[in-house]
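Enquirer: The structure that follows is given in the form of structure tokens.
The values are calculated or read from the model by the stated rules, or taken from the named source; none is laboratory data. If you're wondering where the values come from, they're calculated on a predicted model, not measured in any experiment. Cβ placement follows ideal geometry from the backbone for every residue including glycine, while neighbour counts extend to all protein chains displayed. To get the accessible areas, we keep the full protein, side chains included, count just its heavy atoms, and leave off ligands, DNA and RNA. Shrake-Rupley method; radii C 1.70, N 1.55, O 1.52, S 1.80 Å.
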Amino acid sequence: MKKAALHNLGCKVNAYETEAMEELLKEDGFEIVDFDEEADVYVINTCSVTNIADRKSRQMIHKCKKTNPEACVVATGCYIQNFGKDIPEELGADIILGNNKKTDLIEKIHEFFQSKNETILDYIDINDGWVEYEPMIIKKDLEHTRAFLKVQDGCNQFCSYCIIPYARGRIRSREISDVITEVTGLAAAGYKEVVITGIHLSSFGTGTDYGLADLLEAVAEVDGIERIRMGSLEPQIVTEDFAKRVSAISKICPQFHLSLQSGCDTVLTRMNRKYTIEEYTRGVNLLRKYFHNPAITTDIIVGFPGETEEEFETTLQYAKDISFYELHVFAYSKRAGTLAAKMPNQLTNAVKKERSKRLIEAGLESTQQYLKEHIGSELEVLFEEKVSLDGVDYFVGFSKEYIKCAIKAEDNQDYSNRILKCKCRYILDKHLYMLVEI
Ligand code: SF4
């Protein structure tokens, strides 16, 4: 039997697409093996969000040829799309699939083997006008506890530091009916939680008569799905009406990843972010008005070109004031082809490192604080797997707020893929798990 192996880099959208490509390979008779194993075909879904992601993408492509020099290596995703037609030969990929071309995978693999291994380039200029949404679907067996669900592609924001709009093209969304067909299949396969995701999820439905709140209400109607989690959102989407409608959906997980990037208006302007700190705060307050102690999580870039110590201090203080449950800190990564790459006053790695350290410390304090607020309370936990922490076996999973929870594993007890009401006892500090009991 032919063997195939896949490797995903980057975001939830990439993860979804890699799973959909895995299904296409299975339907074509391939056995899916681990990426370290020898295979006839390797598929790498690349990422280009930072220089490190670019480097990892190259490394993974090269690794395949080392594992099996005879294999067919398929490279797709944002790192590949950013090259355009000028893919360097030394990259070592046999089939180059641009973004929006992933559903051509099987056809191109057959073409490659029939063409006695001629390199195949299947690519479109994704920025040349509007492109159709590339329909992909997942109908898989229950391998994970939660299913990522891509509902939107592309981005029109052009934040000055970001290469994604150039790699993913203009915004486009799925039909709600198409999403419901997929969710119904996932529920039938045993999934209890879906994570609604996109490249710019907040623009879902732009240019149509429906929006994200409509989609969430429709997904909530699907029997068997007990939890709906949202991927990263932009603060502009959090209006009174959105917060009110979404809070009326009992299956919604009260965890909102509201992308901030900087806590300082002057930096936000240079980033070409489309909101002010006042508007961001209003969004957070609306979520805290309509949800009971929701988990607000975010991303912040430190060391953006020209970021003064004073601007950074403003961001640091703002992060403390908001008290995020989780704070993901990224050191600014210069991306060729972006506006920010040409900006003056690029900061040194030493400055970025020092600022990252201070912000991460502040973030950990607010994480601890949020966890402490839940000790003694009840949480609904979707348990995923059994793990050993410091030599003790636990079942671990996540609450609706995305709090990592652990329960001691009793003999013959299997909690995986079960949602249970649990009491929060204390924090397993080292692992930042909440120890819970039934
Ligand atoms: S919203 Fe900004 S950061 Fe996010 S993908 Fe679009 S351009 Fe990039």
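Enquirer: Do any GluC sites (Glu not before Pro) in the stretch 211-244 lie in a loop, going by DSSP, with at most 14 other beta-carbon atoms within 10 Å of their beta carbon, and if so which?
Expert: Those satisfying the criteria are E221.
Enquirer: A further question on this structure: In Å², what does the accessible area per residue of the chain work out to with a 1.4 Å probe?
Expert: Numbers: 19160 Å² over 438 residues.
With the other protein chains kept in place, the chain gives 44 Å² per residue.
Enquirer: May I ask you to derive the FRET efficiency for T269 and I180 from their Cβ-Cβ distance with R0 = 45 Å, giving the value to the nearest 0.05?
Expert: E(calc), rounded to 0.05, equals 0.65.
Enquirer: How big is the C-alpha Rg of the chain next to the rule-of-thumb value 2.2 N^0.38 Å, as a ratio?
Expert: 1.01
Enquirer: Where the Cα atoms of the stretch 61-109 are projected onto their three principal axes, how long is each span, largest first, in whole Å?
Expert: Computed over the Cα atoms, the extents are 28, 23, 13 Å.
Enquirer: Let me ask something else. Given a cut-off of under 8 Å on Cα pairs at least six residues apart, what relative contact order in percent is computed for the stretch 3-122?
Expert: With pairs under 8 Å counted, the relative contact order is 23 percent.
Enquirer: Over every pair of different alpha-carbon atoms in the stretch 31-177, take the mean of 1/r and invert it; report that Kirkwood radius in Å.
Expert: 16.5 Å
Enquirer: If I take every Cα pair under 8 Å that is 6 or more residues apart in the chain, average their sequence separation and divide by the length, what percent do I get for the relative contact order?
Expert: Working: 874 pairs, mean separation 41.8, N = 438.
Averaging sequence separation for qualifying contacts and normalising by length gives 10 percent for the chain.
Enquirer: Here is a further query. Take the stretch 159-203, compute every pairwise Cα distance, and split them into 5 Å bins from 0; I just need the percent in each bin.
Expert: Values per bin, smallest distances first: 5, 16, 21, 20, 13, 11, 10, 3, 1.
Enquirer: Continuing with this model, one more query. Modelled label-to-label distance, K139 and D223, 7 Å Cα→beta-carbon offset: nm?
Expert: A separation of 2.1 nm, rounded to one decimal place.
Enquirer: Sticking with this one: Taking only Cα atoms and a 10 Å spring cutoff, compute GNM fluctuations for the chain and point out the largest among H257, H292, H200.
Expert: With Cα springs under 10 Å in the chain, the top fluctuation among H257, H292, H200 is at H292.
Enquirer: Note the direction-averaged projected area, equal to a quarter of the hull surface, for the Cα convex hull of the stretch 378-437, in nm².
Expert: Value for the stretch 378-437: 3.6 nm².
Enquirer: Additional query: So, by mean Cβ neighbours within 10 angstrom, what's the order for 360-372, 2-14 with the highest one leading? Walk me through the numbers before you get to the answer.
Expert: On the way: 360-372: 16.2, 2-14: 21.1.
So the peptides 360-372, 2-14, ranked by packing, come out 2-14, 360-372.
Enquirer: Looking at the stretch 104-186, which GluC sites (Glu not before Pro) are in a loop (DSSP not H, G, I, E or B) and have at most 15 other Cβ atoms within 10 Å?
Expert: When the GluC sites (Glu not before Pro) of the stretch 104-186 are filtered for loop state and at most 15 Cβ neighbours within 10 Å, E118, E132, E143, E175 remain.
Enquirer: Return the carbon/sulfur percentage of the accessible area of the stretch 378-437, one whole number, probe 1.4 Å, all protein chains in place.
Expert: Details: 1210 of 3010 Å².
Answer for the stretch 378-437 is 40 percent, counting heavy atoms of protein chains only.
Enquirer: Run the 1.4 Å probe and let me know the accessible area of S247, rounded to the nearest 10 Å².
Expert: Surface accessible to solvent at S247 totals approximately 40 Å².
Enquirer: Let me ask something else about it. Among all cysteines in the chain, which have no other cysteine Cβ under 4.7 Å from their own Cβ?
Expert: C11, C47, C64, C72, C78, C155, C253, C264, C405, C422, C424
Enquirer: A further question follows. Full extension from N293 to Q236: what is 0.36 nm times the residue separation minus their Cα-Cα distance, to one decimal in nm?
Expert: Numbers: separation 57, 0.36 × 57 = 20.52 nm, distance 2.05 nm.
Full extension of this stretch gives 18.5 nm more.
Enquirer: Could you work out how much longer the chain between I249 and S377 gets when fully extended? Use 0.36 nm per residue separation minus the Cα distance between them, nm to one decimal.
Expert: 43.9 nm
Enquirer: Apply the Karplus curve 6.51 cos²θ - 1.76 cosθ + 1.60, θ = phi - 60°, to the phi angles in the stretch 432-438 and return the couplings in whole Hz, x for Gly and Pro.
Expert: 6, 9, 8, 7, 10, 9, 8
Enquirer: Could you give the length gained by full extension between D414 and E354, i.e. 0.36 nm per residue of separation minus their alpha carbon distance, to one decimal place?
Expert: Here the answer is 17.2 nm.
Enquirer: How large, in percent, is the carbon and sulfur part of the accessible surface of the stretch 3-122 at a probe radius of 1.4 Å? Don't jump to the answer; show the numbers that get you there.
Expert: Details: 2490 of 5190 Å².
Within the stretch 3-122, the accessible surface is 48 percent carbon and sulfur.
Enquirer: For the pair L339/N51, report the inter-label distance in nm, with labels modelled 7 Å from Cα in the Cβ direction.
Expert: Result: 2.2 nm between the two label points.
Enquirer: How far apart, in nanometres, would the label points at T276 and D214 be if each is projected 7 angstrom from Cα along the Cα-to-Cβ direction?
Expert: Simple spin-label model gives 3.2 nm for this pair.
Enquirer: Going by amide H atoms built from the backbone, whose H comes under 5 Å of the H on T46, apart from near neighbours?
Expert: Residues meeting the amide H criterion: T76, G77, C78, Y79, I80.
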